[in-house]
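Down below is the structure, laid out as structure tokens.
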Amino acid sequence: MGTVRSTRQTTAFRALATAICLTTLPGLTAAQEQAPDQDVILEGTANGQQVQIRLPDPEEQLPLEDLRKFTEVFGRIKEAYVEEVDDRQLLESAIKGMLADLDPHSTYLAPKEYEELEESTSGEFGGLGIEVGMEDGFIKVITPIDDTPAQKAGVQAGDLIIKLGDQPVKGLSLEEAVNLMRGKPGTTLSLTIMRETENAPIEIDVVRDVIKVTSIKSRLLEPGYGYVRITQFQSETGNEFRDAIRSLADDSDGQLDGLVIDVRNNPGGVLQAAVGAADALLDEGLIVYTEGRIQSSRLRFSATPGDIIADTPIVVLINGGSASASEILAGALQDHHRAVVMGTQSFGKGSVQTVIPLDETHAIKMTTARYFTPDGRSIQARGITPDIEVRPARFTEFEGQPFFTEADLSGHLENGDGEDELNSEQRKQQDQNSDANESHMERDFQLRSALNLLKGMTIFQNKQDDGDN
């Protein structure tokens, strides 16, 4: 009896699947029988209009044997699995599997995931505050987001999460892992992490919170030298970026001598926001283009006239946590020779994901194209190579005795041009003031290197201008 019942269910499902595959538009009927080497033509009406559809060669469609295999598995699960499985659950699992097997970024979005995606692009969502992906069955941290519980707890880009609480990550889907990381604000989740610099797994306790991401942070490093940190590209980032630069220029008597754009550990975000930020600093030319199989995935974005800080030297800081939209901005400014890119190789996430709604509560996020820089460089799995490689370093100054100078000698010859003299005590006071400024910069070696490069570029440019005059 069991065999008969299973056969009936499988046969019925096969018939249903075949009917679904052959249904196209209401009212369509097959034309007269075609020769085996010709395409099949369907004719009929749709929305009151006569239509004709040419179907490709059946041999180029999904092989019937594979379709039979799918329906056979479906029927056997329905009949013999240890617990009863709902048809909808099975079909959703099949959809998830199809997308998950394509690449790490394609996924099926059920109502909760769809809602969370919308929250993340608006800049406020609940969780730990880390951008993650899959690697060898484990969760890899692409980057912790600025000022979030994960960053404050010490989670770093490149960390491999092997356990979430007591739950091993191996075998979980990315969606399942993300769901475990989300939770009620104020609750604690213990992350077991493998890190390249550690010989054994380490545990980090992270307290969940409502994540509010501030996209743009800015300040003056020194008079005339601005710093803009982009933590994540959100829908309004482009406009906020322009406002931040104008504000820094106003604070510097209307003109910046140099600008540092920091996109380290920026996981990306909205494509148009990266385009808007690049457009603010370019007068013309291509910013980024995408290539995919369908026409709608082949896009080109170009700059509009108007560089808001024309001729101001720019340094862009990147690292292994700079991904997607961050790489678009850095690549565009690099190809147009508008900025010097400094730091370490970026992440290499150069693919475009399109969210395709299936209904009001379900959607699929599917990779539909690749990003290319203006010079035609593919970002995917390669990233942006910095013009100047500067690795993170712990900066420690040598604590030595101040030098004895000419100004300390009794009866020394005076300067002669009216300039103030500097003895050892005055030099020591200058060094202390300099140390206070370095503390403000948090002794960030890469940022310090960027500032020094900008100063050098400004000095060189001023010397050239003086020579021309």
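The single condition among (1) surrounded by fewer than 18 Cβ atoms within 10 Å (Cβ to Cβ); (2) over 21 Å from E135 (Cα atoms) that R370 does not satisfy is (2). State whether the residues of the stretch 220-228 include one that is out of contact with any strand residue (DSSP E or B) (no Cβ under 8 Å at 6 or more places or on another chain) and acidic (D, E). Yes, some residue in the stretch 220-228 is out of contact with any strand residue (DSSP E or B) (no Cβ under 8 Å at 6 or more places or on another chain) and acidic (D, E).
Looking at A363, A381, A369, A332, just one residue is touching a Leu at 6+ places or on another chain (Cβ under 6 Å) and more than 14 Å from R264 (Cβ to Cβ), and that residue is A363. Residue-level analysis places D262 among those that are assigned by TED's automatic domain parsing to the domain that holds I384, among the acidic types (D, E) and within 25 Å of the chain's Cα centre (by Cα).
Any idea which residue in the stretch 140-166 is surrounded by the most Cβ atoms within 10 Å (Cβ to Cβ), counting only those that are closer than 17 Å to N319 by Cα and among the charged types (D, E, K, R)? Here the answer is D159. The sole residue among G285, G254 that is closer than 30 Å to N462 by Cα and at pLDDT 95 or above is G285. Kindly check whether there is at least one residue in the stretch 162-178 that is in contact with a strand residue (DSSP E or B) (Cβ under 6 Å, 6 or more places away or on another chain), among the basic types (K, R) and assigned to a strand (DSSP E or B). Looking through the stretch 162-178, at least one residue is in contact with a strand residue (DSSP E or B) (Cβ under 6 Å, 6 or more places away or on another chain), among the basic types (K, R) and assigned to a strand (DSSP E or B).
The values are calculated or read from the model by the stated rules, or taken from the named source; none is laboratory data. This one's a predicted model, so the numbers in the text were calculated from it and none came from an experiment. Every residue, glycine among them, receives a Cβ derived from its backbone with ideal geometry; neighbour counts consider all protein chains shown.
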